[in-house]
Amino acid sequence: MTTTNYLIIGSGVAGLTFALKIADRFPDKTITIVTKSNEAESNTKYAQGGVAIVVDHLDSYQKHIEDTLLCGDGLCDNEVVEMVISEGPKRLKELINWGANFDKNDNGNFDLGKEGGHSENRVVHHKDQTGFEIERAILSQIHQKKNITVLDYHFALDLITENNICFGTTVLNPKKNKIYSIKADFTLLATGGIGHLYGHTTNPIIATGDGIAMAFRANALIKDMEFIQFHPTALFDTTIGSKFLISEAVRGFGAYLKTKKGNRFMQKYDSRGELASRDIVSQSIDLELKKTGDDCVYLDCTHLDLNAFIKHFPMIYERCKNNKIDISKDWIPVIPAQHYLCGGIIVDKKGRTSIKNLFACGECSQTGLHGANRLASNSLLEALVYSDKIFNYLSENENTDSTFDFVLTDLEVPNKPILKSDYLGKLKLKVQLLMRQNAGIVRYDSDLIYAKAQLSDWLIDLNHIESNFQITVALFELKNMITIGKIIIQNSIDRNDNRGGFVKFKLSN
């Protein structure tokens, strides 16, 4: 058994910034970060757009608050929205102090981008690789802390709980074929999103909803899982798996959405046109594709200044070029793809879950900021603010009043047969297809009811495999995906009003 004071599961901006602050605050205490891939692999790394923060004199907290509330379609927690947005400049200053670089204009001020749903330019960014730059800067600081241990390529299986108190987690080390128990005074879930439940997603392959599934099995309260945000403009191709994101900032830069025949269509659906919020743009594209039968729509950048485009979006330009798309004369084929989960593990303003000594932060948490639909680039801001809230709370509340009266031991993975067939891979593809077809941008009660039964049957099959074969990362990831899928389906069945990113048609009588 391993013991640590602070256990963090996940290595994105939410987990890393907490680790960095708590390590500085308590240099004699130990911090352990568990991540199932390498330390730099997270949803943070792939965040192109930036961080929405009020730093310009033409902008105001009130404008940002109003934009967030409008986007959230009546389901945001107003107090949380005000708290998160007002703390933005402080969190930005911390990032800069840690070494993160953000683009400046010729006057030396931040070169602020504008994205869908925003009334002002307020997105602080580093080219089109903002998340990568933030992750780089924070990891460089993490490596300087002697009391932080990073366990990469370790997979958290389940939380260790008793009497609604969290004592840590069990972790699979697939290289050594061992299951470890990690006992912790405090545990932070910072495990990111659920993207690969849908297959077509902008998320990296590690985004399988593990933290939320673990919390669910531990009976933590979970909410708003029906609110799945689809990014309107993922680069279209016919493969299954992660999709390359064409940042919303490209539309903020002036790109037009067009049908295959060259018709702009967004003004039919919203007066803001291409800069409407993501739910509206995704639903509008979905409607257009159903009308035309086309596979995708297009982003037209041909009228934009090419040199300025390359300066702002070098990674997007190179990816298009590698796909034989010359943006000076070719349109970029795009399609909506799963992008962000607005619901998750319920936390209060201090990041506390309904389980004692268990905290959650980032995309796996439900804070009340996003409501029914996340405003673009509010997610990194939320992670930074709530990481700080958890840090401040634990700085003042070091002691745990929990009685740990059972023994934890490390285990060899039981000597059971290895599942050698490609059953798991085939089932994963079936799960992803089911979720895209039955719980996508527009949903139907009949489809949801069918999906609920199908997922339940598949979970029974996986539980049987878990009992009779060796535990593997692939098995538990798929188990977590199906668990999350069932929650999304049930929450979708239960919701009877269409809000934000959620659209459902009822069964006809």
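The values are calculated or read from the model by the stated rules, or taken from the named source; none is laboratory data. Since this is a predicted model, take the numbers as computed values, not measurements. In this analysis, Cβ positions are derived from the backbone assuming ideal geometry, glycine residues included, and neighbour counts consider all displayed protein chains. Surface areas here come from the heavy atoms of the whole protein model, side chains and all, with no ligands, DNA or RNA. Shrake-Rupley method; radii C 1.70, N 1.55, O 1.52, S 1.80 Å.
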_Positions within the range 127-144 being more than 12 Å from S11 (Cα to Cα) and open to solvent by 50 Å² or more (accessible area, probe 1.4 Å), in sequence order_ = K127, Q129, F132, H143, Q144
_Leading residue by the ranking (most open to solvent (accessible area, probe 1.4 Å)) among those in the range 191-211 that are within 22 Å of L375 (Cα to Cα) and β-branched (V, I, T)_ = T191
*Using beta carbons and a limit of 8 Å, which pairs, at least six apart or on different chains, have the first residue in the range 452-478 and more than 16 Å from I418 (Cβ to Cβ) and the second one charged (D, E, K, R) and open to solvent by less than 30 Å² (accessible area, probe 1.4 Å)?*
L459/K479; N463/K479; E477/D210
_Answer from N121, N164 - the residue that is open to solvent by 20 Å² or more (accessible area, probe 1.4 Å) and under 18 Å from F359 (Cβ atoms)_ = N164
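Could you pull out the residue among D410, D405, D388, D401 that is open to solvent by 10 Å² or more (accessible area, probe 1.4 Å), under 27 Å from Y6 (Cβ atoms) and modelled with pLDDT of 95 or more? Talk me through it step by step, then tell me what you get.
On the way: D410 fails: modelled with pLDDT of 95 or more; D405 fails: modelled with pLDDT of 95 or more; D401 fails: modelled with pLDDT of 95 or more.
Within the list D410, D405, D388, D401, the selection yields D388.
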*Can you name the residue in the range 55-75 that is among the hydrophobic types (A, V, I, L, M, F, W, C) and open to solvent by less than 20 Å² (accessible area, probe 1.4 Å) and, of all such residues, is farthest from N109 (Cα to Cα)?*
C71
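Kindly provide the set of residues from the range 303-318 that are open to solvent by less than 100 Å² (accessible area, probe 1.4 Å) and part of a helix (DSSP H, G or I), ordered by number. Full working, then the answer.
So in the range 303-318, the residues open to solvent by less than 100 Å² (accessible area, probe 1.4 Å) come out as 303-306, 308-310, 312-318.
Within the range 303-318, L306, A308, F309, I310, H312, P314, M315, I316, Y317, E318 qualify.
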*Looking only at the range 126-147, decide whether some residue is in contact with a strand residue (DSSP E or B) (Cβ under 6 Å, 6 or more places away or on another chain) and closer than 22 Å to H231 by Cβ.*
no
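Scanning the range 355-381 for residues that are polar (S, T, N, Q) and closer than 20 Å to H64 by Cα, which turns out surrounded by the fewest Cβ atoms within 10 Å (Cβ to Cβ)?
Step one: of the range 355-381, the residues polar (S, T, N, Q) are 357, 365-367, 373, 377-379.
Still in the list and also closer than 20 Å to H64 by Cα: 366-367, 373, 377-379.
On the way: Q366: 24, T367: 26, N373: 27, S377: 27, N378: 28, S379: 29.
Ranking the candidates gives Q366 first.
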*Output the qualifying pairs, or none if there are none: Cβ atoms under 7 angstrom, residues six or more apart or on different chains, first residue in the range 156-171 and closer than 17 Å to I345 by Cβ and touching a residue at least 60 places away in the same chain (Cβ under 8 Å), second residue open to solvent by 20 Å² or more (accessible area, probe 1.4 Å) and of a type in the set (G, A, S).*
I165/S402
*Restricting to the range 221-253, what's the tally of residues that are surrounded by fewer than 18 Cβ atoms within 10 Å (Cβ to Cβ), at pLDDT 95 or above and assigned to a loop (DSSP other than H, G, I, E, B)?*
1
_The conditions are (1) in contact (Cβ under 8 Å) with a residue 24 or more places away in the chain; (2) open to solvent by 30 Å² or more (accessible area, probe 1.4 Å); (3) within 27 Å of the chain's Cα centre (by Cα), and D294 fails exactly one of them. Which is it?_
(3)
*Name the residues in the range 335-354 that are open to solvent by 10 Å² or more (accessible area, probe 1.4 Å), of a type in the set (A, V, I, L, M) and farther than 21 Å from E82 by Cα, would you?*
I335
_Against the definition (open to solvent by 20 Å² or more (accessible area, probe 1.4 Å) and under 14 Å from Y198 (Cα atoms)), how does E466 come out, yes or no?_
no
_Test: residue in the range 49-60 that is under 19 Å from F18 (Cα atoms) and in contact with a strand residue (DSSP E or B) (Cβ under 8 Å, 6 or more places away or on another chain)_ = yes
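To keep it simple, each residue is scored yes or no on (1) in contact (Cβ under 8 Å) with a residue 60 or more places away in the chain; (2) over 18 Å from the mean Cα position of the chain (by Cα); (3) assigned to a loop (DSSP other than H, G, I, E, B).
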position: L58; (1), (2), (3): yes, yes, yes
position: D67; (1), (2), (3): yes, yes, no
position: R91; (1), (2), (3): yes, yes, no
position: N107; (1), (2), (3): no, yes, yes
position: E120; (1), (2), (3): yes, yes, yes
position: I134; (1), (2), (3): yes, no, no
*asked:* On the basis of being open to solvent by 60 Å² or more (accessible area, probe 1.4 Å) and at pLDDT 95 or above, does Y450 make the cut?
replied: yes
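Quick one: in the range 469-509, which of the residues that are open to solvent by 60 Å² or more (accessible area, probe 1.4 Å), of a type in the set (K, R) and not in a helix (DSSP H, G or I) is farthest from C71 (Cα to Cα)?
We begin by selecting, within the range 469-509, every residue open to solvent by 60 Å² or more (accessible area, probe 1.4 Å); these are 486, 494, 496, 498-499, 505-509.
The next check asks that each one be of a type in the set (K, R); those that pass are 486, 499, 506.
Next, only the ones that are not in a helix (DSSP H, G or I) stay: 499, 506.
Values: R499: 10, K506: 24 Å.
Among those residues, the one meeting the criterion is K506.
Name the residues in the range 96-112 that are out of contact with any strand residue (DSSP E or B) (no Cβ under 8 Å at 6 or more places or on another chain) and either open to solvent by less than 20 Å² (accessible area, probe 1.4 Å) or aromatic (F, W, Y) (or both), would you?
Looking only at the range 96-112, we keep the residues that are out of contact with any strand residue (DSSP E or B) (no Cβ under 8 Å at 6 or more places or on another chain), and these are 96-101, 105-109.
Correct list: W98, A100.
Can you tell me how many residues within the range 168-193 are among the polar types (S, T, N, Q) and not in a strand (DSSP E or B)?
Residues in the range 168-193 being among the polar types (S, T, N, Q) and not in a strand (DSSP E or B): 2 in total.
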